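Laboratory data are not the source of any read-out in this text; all were calculated from the coordinates shown. Model, not experiment: these values are computed from the prediction. Every residue, glycine as well, gets a Cβ built from its backbone with ideal geometry; the counts of neighbours run over all protein chains shown.
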Amino acid sequence: MFHQAVWDEKLIIEKSGNRTLKLPFEEIRMEVNLPKELIRNELNINDNEEYEVIRHYVRLSQMNYGVDVNTYPLGSCTMKYNPKISEEIVSMDQVKYIHPFQDESTVQGSLQIMYDLQEFLKEIGGMDAVTLQPAAGADGEFTGLLLVRAYHEHRKDLKRTEIIVPDSAHGTNPASSTMAGFATIEIKSNENGMVDLEALEAALSDKTAAFMITNPNTLGIFEENIVKIAKMVHEKGALLYYDGANLNGIMGKTTPGKMGFDIVHFNLHKTFATPHGGGGPGAGPVGVKKKLEEFLPVPVIGFDGKNYFFDYNVKNTIGKVTGFYGNFAVLVRAWAYIKLKGGDGLKDVTEMAVLNTNYLRKKLQNYYNLPYKELRKHEVVFSGNNFKQYGIKTLDIAKRMLDYGLHAPTIYFPLIVEEALMIEPTETESKDNMDKFADIMIQIATEAKENPEILKKAPQNTVVRRIDEVEAARNPILSWKMLKK
Ligand SMILES: *Cc1c(COP(=O)(O)O)cnc(C)c1O
């Protein structure tokens with residue numbers, strides 16, 4: 001059984017004034033030529049000994065959970081292990097100290113990294129052009145939908161005000177559609193958890209701007225009619241948008257381009273292993289087919305055979321969507337990851353992610369309800385509704401998992417599965433880890449029947465017990481000042 005460290009740890013700023021020794025370097029004063037009015041005599045920063053600061057942060061890390069600690073099966077989020085070589089590369093002076101206003105001639109290496117990444121993503125997505133600017137998946141969706149709008153407006157096809165999404169869509173899809181000024185039309189899924197072709201046919205019209213889906217979808221199921229869907233959408237003069245958050249289920253096997261998509265966003269922080277969580281950082285590059293290239297945001301990274309440059313020469317650009325280079329450090333990590341894996345390596349990633357998922361599906365399907373029987377790609381969604389009779393909800397199962405030293409899966413999403421438990425093991429977990437994970441899930445299923453109270457009281461072994469989730473979401477305390485208040 002797992003027990004998280006529990007330190008009665010003050011905020012670092014509350015620990016100030018704990019000094020006994022002076023460290024030798026404090027006697028060294030640097031002469032810096034600063035204007036007088038900028039020089040301050042006092043600073044409100046902590047003045048603890050170095051070891052106090054180190055202990056403080058190590059203790060906090062012991063009260064935390066991350067992908068460097070154990071399995072992190074948060075469905076849809078693709079919390080794979082982030083290789084440390086990527087961290088070494090972004091920590092190099094040449095990467096970390098460049099300034100966005102530096103002359104192009106002095107940042108050729110950085111521009112080359114960005115150019116190469118554009119090329120890699122074109123190939124992985126089966127697209128003709130890529131912008132690296134958007135700062136997250138949702139930002140990529142928003143950018144992609146602005147491209148949809150620009151495309152139709154340019155063709156004087158001004159009636160197209162609707163975006164169709166399936167009822168299994170991630171919440172950001174309808175949100176981005178609304179942000180970009182469209183009306184969102186939701187269609188239901190069929191009994192296999194896939195797009196219902198009749199519902200799609202009924203929703204499509206000369207008002208449709210685009211159909212926005214992810215494939216494999218949020219259930220982890222591959223849309224078997226995708227080529228037919230692309231044909232239906234295009235015949236109506238609309239575009240097909242690929243939410244690339246689930247690329248980990250197909251990478252190297254097929255591409256959105258081959259399936260017939262016109263626009264793709266990539267979640268570099270998911271598929272391409274850059275650290276994320278707690279809202280950032282991320283990067284959501286967007287790839288497009290030739291017919292949309294002229295609308296891409298500026299600048300794209302160009303190469304004239306000799307030099308790399310910021311290319312502002314995009315004929316009907318939608319403008320700029322993010323400052324400077326975009327989230328440059330995320331781009332560099334994703335580039336490093338792709339270089340590290342190579343084409344065959346990326347294909348292996350997909351195969352292992354799919355194998356891990358179906359291994360868990362088989363091991364757990366006698367213990368947790370499994371809606372939809374199809375083979376899964378990178379993730380599998382169970383339902384905890386078989387424990388209702390014991391008064392147990394999916395939330396209780398998720399909380400009990402914390403007691404065993406696991407991170408919880410995504411719960412209550414996708415909305416079309418009652419009491420959903422959405423598990424995405426990713427390729428980075430070994431068979432041994434998958435077996436341990438399954439054993440714990442089976443143990444919890446047994447506890448739910450025999451000792452439901454232990455689930456309702458969970459977690460017991462973590463530094464923070466069950467919190468008031470509504471209060472935490474509505475009135476979060478995010479700073480020292482707010483805490484003091
Ligand atoms: C994560 C995710 C998004 C949004 O991406 P962010 O980078 O979190 O903004 C969109 N769709 C799906 C299916 C996702 O899993």
Seminar exercise, completed: The distance between the Cα centres of segment 254-278 and segment 168-195, in whole Å, is 18
Problem set entry | Only Lys, Arg (+1) and Asp, Glu (-1) charged, at Cβ; the chain dipole about Cα centre in debye | 460
For this session: Return the subset of Lys84/Lys449; Lys270/Lys320; Lys159/Lys290; Lys96/Lys290; Lys122/Lys156 for which the Cα-Cα distance in this structure is over 30 Å, preserving the input order.
Result: Lys84/Lys449; Lys96/Lys290
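Counting only DSSP beta bridges with both residues in segment 241-343, what percent are antiparallel, rounded to the nearest 5?
Around 65 percent of the beta bridges assigned by DSSP in segment 241-343 are antiparallel ones.
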Problem set entry | 14 Å beta-carbon shell around Tyr359, net charge (K/R +1, D/E -1) | -1
Exercise. Excluding same-chain residues fewer than 8 positions from Lys341, which aspartates and glutamates have a Cα within less than 19 Å of its Cα?
Worked result: Glu87, Glu88, Asp116, Glu119, Glu123, Glu351, Glu427, Glu429
Exercise. What's the center-to-center distance, using Cα atoms, between segment 316-389 and segment 98-134 in Å?
Worked result: 24
Exercise. Once amide H atoms are built 1.01 Å from N in the peptide plane, which residues 5 or more positions from Asp243, or in another chain, come under 5 Å H to H?
Worked result: Ile213, Thr214, Asn215
Exercise. Which loop-located GluC sites (Glu not before Pro) does segment 77-145 contain, where loop means any DSSP state but H, G, I, E or B and the Cβ has at most 11 other Cβ atoms within 10 Å?
Worked result: none
